[in-house]
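See structure below.
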Amino acid sequence: MRNQKGITLIALVITIIVLLILAGVSIAMLTGDNGLLNKSQQAVRDNALAGAKDIISTESQALMAEYLQTKYTSNSSWATTNSAENYVVTGLKAKFASEVSGCKVTYNTTAGNESITLTDPDDKRTVTATFDDQGAIVWGAITNK
């Protein structure tokens, strides 16, 4: 009987235990807080916010160019009554009242300073923009809600 070849019961049990450990580690890497599924969903949300940021930034630059053209070609006192920041924000509010590319847009005024907050379609991540002294838009970092 000693000359028979085959797998012993102990070798089979050890193999099954190793496979269960590998399966457990794989499942944890997929579904944990830092798992691949959560990271891919976060990347989708960040991509939506980045697209909305690009659209708003492009429109704000166009509005700033329009403001400067009017300011320097107009003979009236128009530029003294309209600041660049107010002109840009008013134009953005007219074009993007509540949504950009699936992201929710919120306009805030605090102590005379305007800011814009974008919220992703899943309502989990946000990014806020403020305006510098010349009226140019300045984006903050994307944060969890």
Self-check item: Whichever aspartates and glutamates have a C-alpha closer than 14 Å to that of LYS71, once near sequence neighbours (fewer than 8 apart) are set aside
Solution: GLU85
Quiz item: Which FRET efficiency value, to the nearest 0.05, do you get for ALA94 and ASP132 by plugging their Cβ-Cβ distance into 1/(1 + (r/R0)^6) with R0 = 22 Å?
Solution: 0.55
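By how many nm would the segment from THR110 to SER26 grow when fully extended, if each residue of separation counts as 0.36 nm and the alpha-carbon distance is taken off?
Stretched out fully, the THR110 to SER26 stretch lengthens by 25.4 nm.
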Quiz item: What is the spin-label model distance, in nm, from THR143 to ASN82 if the labels are put 7 Å beyond Cα along the C-beta direction?
Solution: 3.3
Self-check item: Lys/Arg +1, Asp/Glu -1 at C-beta; the chain dipole; positive extreme among ALA97, ASN108, GLY51
Solution: GLY51
Practice problem: Set Lys and Arg Cβ to +1 and Asp and Glu Cβ to -1, take the dipole of the chain about its Cα centre, and tell me which of LEU19, LEU30, ALA141 lies farthest positive. | Solution: LEU19
Quiz item: With each label point set 7 Å from Cα along the Cα-Cβ vector, what nm distance links LYS39 and ASP54?
Solution: 2.3
Exercise. Can you tell me the FRET efficiency between LYS124 and THR8 if r is taken as the Cβ-Cβ distance and R0 is 41 Å, rounded to the nearest 0.05?
Key: 0.20
Quiz item: Can you put LYS124, LYS145, LYS71 in order of accessible area, largest first, using a 1.4 Å probe?
Solution: LYS145, LYS124, LYS71
Self-check item: Approximate spin-label separation THR117-LYS71, in nm, with each point projected 7 Å along Cα-to-Cβ
Solution: 2.9
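The values are calculated or read from the model by the stated rules, or taken from the named source; none is laboratory data. Note that the structure is a prediction, hence the values are computed from the model and not measured. Every residue, glycine among them, receives a Cβ derived from its backbone with ideal geometry; neighbour counts consider all protein chains shown. Keep in mind that these areas ignore ligands, DNA and RNA; they rest on the heavy atoms of the full protein, side chains included. Shrake-Rupley method; radii C 1.70, N 1.55, O 1.52, S 1.80 Å.
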